[in-house]
Amino acid sequence: MDQVISLPQIAAMHIHDTHPVVHVLLVVVYTLTTLAVVIFLVQFYRYKVRKNHSDFANYPLNSKRFRIMLLMVGLWFIFMLLQTWYVTYFNIGTSENQSAIEQLLRDTPIWTWVDAVLVAPVIEELIFRGLFFEFFFTKDSRLVRIIGVVVNGALFGGLHDLGASFPIYAIMGMLLAITYLWTKDIKYSITLHIINNFISFL
């Protein structure tokens, strides 16, 4: 869905010489489309939570969730170190997903930063974590949740890259799924996702 939202951005890449008004219109279309998609996903997610009587909600940052976030940030740091070793040791090139982002970054830097760091994490977390666990693996048992985390990570990885970078995206998806399931609040996995994408742009 994020690719659909990015269509105006992709169009802007190929029409550098057109009138500035066209670029403004593309930005407006992108903004309105993004807002519409996010609002729809948020409302649909809330509807599913209510319908399923799930215990996922908007919880404040208490000491328990703060410790969970510290743990996940620490695990994420270790994951990034292992990712660097994996890419170097196996001489893995840039994934198609990353190559596409880098091309967009060269042509539309500010737009790409906003899309990748702020918009994509919100949309992807609402779909891959929020709605996924409202449709699948809804039983609140440890085994079901573990299987759900693995399947969620595999799905997330497969939709980002089916090549050598698949394990990287799959583990990333599993860490985000664990964050969501432990905190019981979508905003914490969104925050972790934003942090990851922000660091990737440094």
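So the values come out like this:
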quantity: Neighbour-count ranking [beta-carbon atoms within 10 angstrom, fewest first] of MET172, MET80; calculated: MET80, MET172
quantity: Relative contact order of the chain, defined on C-alpha pairs under 8 angstrom at six or more residues apart (%); calculated: 27
quantity: Three semi-axes of the equivalent ellipsoid, the range 5-198, Cα gyration tensor, whole Å, largest first; calculated: 30, 23, 14
quantity: Which of TRP85, TRP76 has the fewest Cβ neighbours within 10 Å, and the rest in rising order; calculated: TRP85, TRP76
quantity: Inter-site label distance for PHE136 and ASN62 at 7 Å from Cα along Cβ, in nm; calculated: 3.1
quantity: Value at 222 nm in deg cm²/dmol, rounded to 500, when DSSP H runs of n ≥ 4 in the chain each add -39,500 (n - 2.57); calculated: -23500 deg cm²/dmol
quantity: Relative packing of 121-129, 107-115, 31-39, which averages over residues the other C-beta atoms within 10 Å, highest first; calculated: 121-129, 107-115, 31-39
quantity: Distance between modelled label sites at VAL21 and LEU202, nm, 7 Å Cα→Cβ extension; calculated: 4.4
quantity: Over the range 108-202, volume per residue of the alpha carbon convex hull, in Å³; calculated: 92
quantity: Which listed pairs, of LYS139/LYS187; LYS51/LYS139; LYS48/LYS184, have C-alpha distances above 18 Å, in listed order; calculated: LYS139/LYS187
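The numbers here are math on the coordinates, done by the rules we state, and not lab data. Nothing here was measured: the structure is a model prediction, and the numbers come from that model. All Cβ positions, even for glycine, are placed from backbone atoms using ideal geometry, and neighbour counts span all protein chains on display.
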